[in-house]
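Take a look at the structure below.
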Amino acid sequence: MEKFKYHPVISSLSQIRLVYLLPQRSPGDVEDEEQIRCGMKIVSLDECPEYTALSYTWGDPSPTSVLIVDNHIIQITKSVEAALLYLRHEKDTMTLWMDQLCINQEDNVEKGEQVQLMKAIYQGAKDVVAWLGPAANESDHLIDILSQAGEEASRSRLLQLDLSDEERDLEYTDSYNRLVKRLGQEPSFPMESLRSFVNKPYWTRVWIVQELSLAQDVIFACGNKRISYNHLRHALIFYAHYHRVSFKDFRDRNSLQAIVLDPEKLQTFRNFVSAPIFSPADKMLASRYKYSCQIENKGHDLYGILKYCHVIDNSEIRLEATNHLDKIYGLLGLARDTFGIRPDYLEPISEAYTNTARVLMRSGQVDLLWLCQFPKSIQKLPTWVPDWSAPLQNPYGTDFAPNTRTFSASGKRSACVTCPDDLNGFITLRGVAVDEVAAIGSTWVQAGTNQLDEETGVTSRFLAEIDQLCDEALLLGHQDPGLLSEARWRTAIGDKEHTDRGMTVRATSRCSKAREAVLSRIEPRRINGEIQTLSQDQIDPDRLPALGTFQPIGKEERSYRHFMGKMSNRRPFRSRNGYVGLGPVHMLPGDVLCIVLGAQVPYILGHSEAHRYQLLGEAYVHGIMDGEFMEKDPVIKEFTLC
């Protein structure tokens, strides 16, 4: 057979291709019943054709299988072959849209034009089938359990309660117990099967966010099993509740010494700690829910979508794309305003990222600057342009309630941005130079419990360096002593704490005591962390009495440690006039502490040639976070960033 040749589509007329997946041939037919055969037709979305859109991952991009389309052959990946084999009907033709077949992948111009139609394609489909791959790791049994749990959880009041409520809300316990009773017995989730399922590569592809969010209805397919979006999402929410209640009950019934001396209990404890909660699947399923909540507002703004999808949160989940252009193009369909950005697969990645940053800055999104982090993977990116291809850490000012500006370093001043249309990579911002960096401390990186960060002394050193810088600032005499006293405990946590209900707010005075509790717990925590890494025969019983001083961690101390961790990959510093704060790792003495008009937080700028600056990163500086410096009516100047 000859190779299949694509007939051109006219994207301006909303034309797309649809694949007609032919049914299996009868066993008696001469033709190979395992051979997949399809037809293909060009249609217009304006005609409202009926079809199912396929959501899947390409897997290995090397073509390894042959598909027959209108008596011509076309190369497809193994993942597509598996999906079609499982999805085709025995007797009926199935109408599908799938990018690998319906877009000419060798034509970058067509690809860019068809990507612009993705929103209409997935919204116009009668349903979306999300292909998770063939059955594996007892997934059939797992999906049966998830389907039952999800169906019951969908009817439960439990899903309307906050995960932080169970310790203070009797309704939580009542709702949880009634749900467990309806399931007939104590739920039993196959741990390794669940872990494999919620960590499938499917859940980490950037295109999937748009495909699931825009769909009218979503069915997940894994092998021959099917589960609806609502049942799967509700089942995983229930599992998070189930894990939390069970783990709390286990800790209440067993002392730490009892756990470490009993091999079975120790393994149970480790299973709880490593349980697959807040997984890639959880985040992906939540993205569809978040989008549905914004439909009345015509979707999210582009900056918010990029930040949500590409900034790594506590779960360390990162969305991937084979082509780094898709880190932007794959999300445009979710934005209510794309600022004229059009997918162009012939454009260099650096130019696409720079153009996107330019239009966002022009729209007044100067807080885009706190996503400019280093090192960058894409060459030739200006310092003021985020590298969406790299793992971006959550900026410290974004933990608060959505759509709030908790910090306001620039006061009531509005952004003033000048962006030339040419591609010289410069941008000019208006702002004030607060001071220069005079002294810097060590890089703060909070290691995990199993890495025994307390044993290496990084926690105590970090807090001691902040104390030392405050002492030096006090001797300078430029800053209020009371302000510096607060800086000692506010700086390490970026001035944030958790309320009793788990909300992030500005820190209160109770964090001062929490800081002292962290320091007093270093040795017991070191021993506890070490024990968790040992096997039973490695534990020395003679060392266990030291755990007698290990008291349960209070909410305030847990909050303090959490927000210390959120300030990782920064270093403490002092300015010439005695401001103390945390700044980017690669800042140096002589760099400029700057407030950009319209920005929530200050920034550190490094000197470059020709009176230009390099953006080094965001900073927390106690005493200027609420517009205090701007009230002094400082001189406004222009900063040209390169």
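Structure data summary
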{"item": "Cα→Cβ-extended label distance, 7 Å offset, between D92 and A464, nm", "result": "7.3"}
{"item": "FRET efficiency, 1/(1 + (r/R0)^6) with R0 25 Å, evaluated for T428 and Q105 via beta carbons", "result": "0.05"}
{"item": "Cα centroid of the stretch 592-620 to Cα centroid of the stretch 248-283, whole Å", "result": "45"}
{"item": "Computed lengthening from T640 to R318, 0.36 nm per intervening residue step minus Cα-Cα distance", "result": "112.7 nm"}
{"item": "Chain lengthening between R253 and S512 when straightened (0.36 nm per residue, less Cα-Cα)", "result": "90.1 nm"}
{"item": "Positive dipole terminus of the chain, leading residue within I42, S213, L117 (C-beta point charges)", "result": "S213"}
{"item": "3J(HN,Hα) from dihedral phi, the stretch 593-600, Karplus parametrisation 6.51/-1.76/1.60, rounded to Hz, x for glycine, proline", "result": "8, 10, 10, 8, 4, x, 8, 7"}
{"item": "The stretch 339-436: trypsin sites (Lys or Arg not before Pro) in DSSP coil with no more than 11 other Cβ atoms inside 10 Å", "result": "R405, K412"}
{"item": "Separation between Cα centres of the stretch 88-108 and the stretch 463-525, rounded to whole Å", "result": "58"}
{"item": "Exceeding the 28 Å Cα-Cα cut-off - candidates K78/K307; K91/K283; K248/K327; K200/K290; K307/K513; K283/K566", "result": "K78/K307; K91/K283; K248/K327; K307/K513"}
{"item": "The stretch 6-96: trypsin sites (Lys or Arg not before Pro) in DSSP loop, at most 11 other beta carbons within 10 Å", "result": "K91"}
{"item": "All lysines inside 19 Å of K126 as judged from Cα atoms, apart from same-chain residues fewer than 8 positions distant", "result": "K41"}
{"item": "Summed side-chain charge close to C416 - residues other than C416 whose Cβ falls under 14 Å, Lys, Arg +1, Asp, Glu -1", "result": "+4"}
{"item": "Estimated inter-spin distance, D480 and I42, nm [label 7 Å along Cα→Cβ]", "result": "7.1"}
{"item": "Two-site FRET efficiency, S11 against N199, from Cβ-Cβ distance with R₀ of 51 Å, rounded to 0.05", "result": "0.90"}
{"item": "Contour excess over end-to-end distance, with Cα ends at D70 and S414 and 0.36 nm allotted per residue", "result": "117.9 nm"}
{"item": "Label point distance in nm, R178-S292, each placed 7 Å from Cα along Cα→Cβ", "result": "2.2"}
{"item": "Mean separation of Cα contacts under 8 Å (6+ apart) over length of the chain, as relative contact order %", "result": "12"}
{"item": "Quotient of Cα Rg and 2.2 N^0.38 Å for the chain, N being how many residues it contains", "result": "1.09"}
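Throughout, read-outs are computed from the coordinates displayed, never taken from laboratory work. Predicted, not measured: the structure shown is a model, and the values here were computed from it. Note: ideal-geometry Cβ built from the backbone for every residue, glycine included; neighbour counts use all protein chains shown.
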